[in-house]
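What follows is a set of notes on a single structure, which appears directly below.
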Amino acid sequence: MQFGAPDLPSPVAAVHAMFSVMDQTVTVLERAFQLAKSGSFATVDAIGKQLKAEGYSVNQITGRVLRAQLIGLIKAAREKGHA
């Protein structure tokens with residue numbers, strides 16, 4: 001089974017396929033919340049970098065209330081992961 005660009009080695013191609021192409025059915029806000037809940041990101045800025053890497057525009061990831069919501073989800077997910 002081959003993933004991503006054919007000239008990339010298989011593991012690299014698999015990561016490329018998973019993270020470099022955004023899911024057209026998931027909005028940037030939905031994806032930001034998914035990433036925050038994953039426990040894999042420590043900051044909103046890290047989520048923004050991942051969103052960009054996946055092909056999303058981060059123009060909508062602004063505002064005090066949204067950042068506070070994402071920070072709360074990040075904190076809860078990371079605490080849950082350490083329990």
_Quick check: residue separation of Gln69 and Lys52 times 0.36 nm, minus the Cα distance between them. What number comes out in nm?_
4.2 nm
*At 7 Å along the Cα-to-beta-carbon direction for both Ala42 and Gln60, put a label point, then send me their distance in nm to one decimal.*
2.9
*Find out how many positive minus negative residues lie around Lys52, taking Lys and Arg as positive, Asp and Glu as negative, among other residues whose Cβ is under 13 Å from that of Lys52.*
0
*Between Lys80 and Thr27, what is the spin-label point distance in nm, taking each point 7 Å from the Cα along the Cα→C-beta axis?*
2.2
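None of the figures in this text is laboratory data; all of them are computed from the coordinates on show. What you are looking at is a predicted structure, and each value in this text was computed from that prediction instead of being measured. Methodologically, a virtual Cβ is constructed for each residue, glycine included, from the backbone with ideal geometry; neighbour enumeration extends over all protein chains shown.
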